[in-house]
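The structure appears right after this line, and notes come after that.
The values are calculated or read from the model by the stated rules, or taken from the named source; none is laboratory data. All of these numbers come straight from a predicted model, not from anything done at the bench. Using ideal geometry, Cβ is built from the backbone for each residue, glycine included, and neighbour counts are taken over all protein chains shown.
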């Protein structure tokens, strides 16, 4: 099986952030898991607006509950890596693998203690002390970029030059 890291969203609250993260996943050819219930109708127009036409290209898996996701994850032998402001390991010092699922918590509340307990690892993005957090879509992009770099799973077709456009100055 040709694996690469995945992104998962735990009961997302804000459709615009979810759409942006799903667009990120589509662009980087990464599967995305949505653990429901979401704080909005997943067919919401705001989700569609921020995800644009990329949602049609996204590999999205919806799970009806945390337990359904956990059962699926364990059956498929994925490691759960929780992004949290209470993390212990900076994301740049963590060793990602191709069987990781990077879990992003709810914008309003993070994840409950049972999700923390089920995580195989907890990571944090190093930031200035006087700041609380980054936008969840920005955080997902930072962490996913590092995971794809470490596992050498960026989509390589992006490196093929586009002959119709010119980068010449």
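Taking the condition surrounded by 17 or more Cβ atoms within 10 Å (Cβ to Cβ) and over 16 Å from residue 147 (Cα atoms), does residue 26 pass? No: the conditions fail for residue 26.
Going residue by residue through the stretch 44-64, is there one that turns out to be within 17 Å of residue 147 (Cβ to Cβ) and modelled with pLDDT under 95? Checking the stretch 44-64: at least one residue is within 17 Å of residue 147 (Cβ to Cβ) and modelled with pLDDT under 95.
Scanning for something assigned to a loop (DSSP other than H, G, I, E, B), out of contact with any helix residue (DSSP H, G or I) (no Cβ under 7 Å at 6 or more places or on another chain) and under 19 Å from residue 84 (Cα atoms), does the stretch 14-34 turn up at least one residue? The answer is yes; a qualifying residue exists. Residues in the stretch 72-83 that are touching a strand residue (DSSP E or B) at 6+ places or on another chain (Cβ under 9 Å) and without any contact (Cβ under 8 Å) to a residue 12 or more places away in the chain: 72 only.
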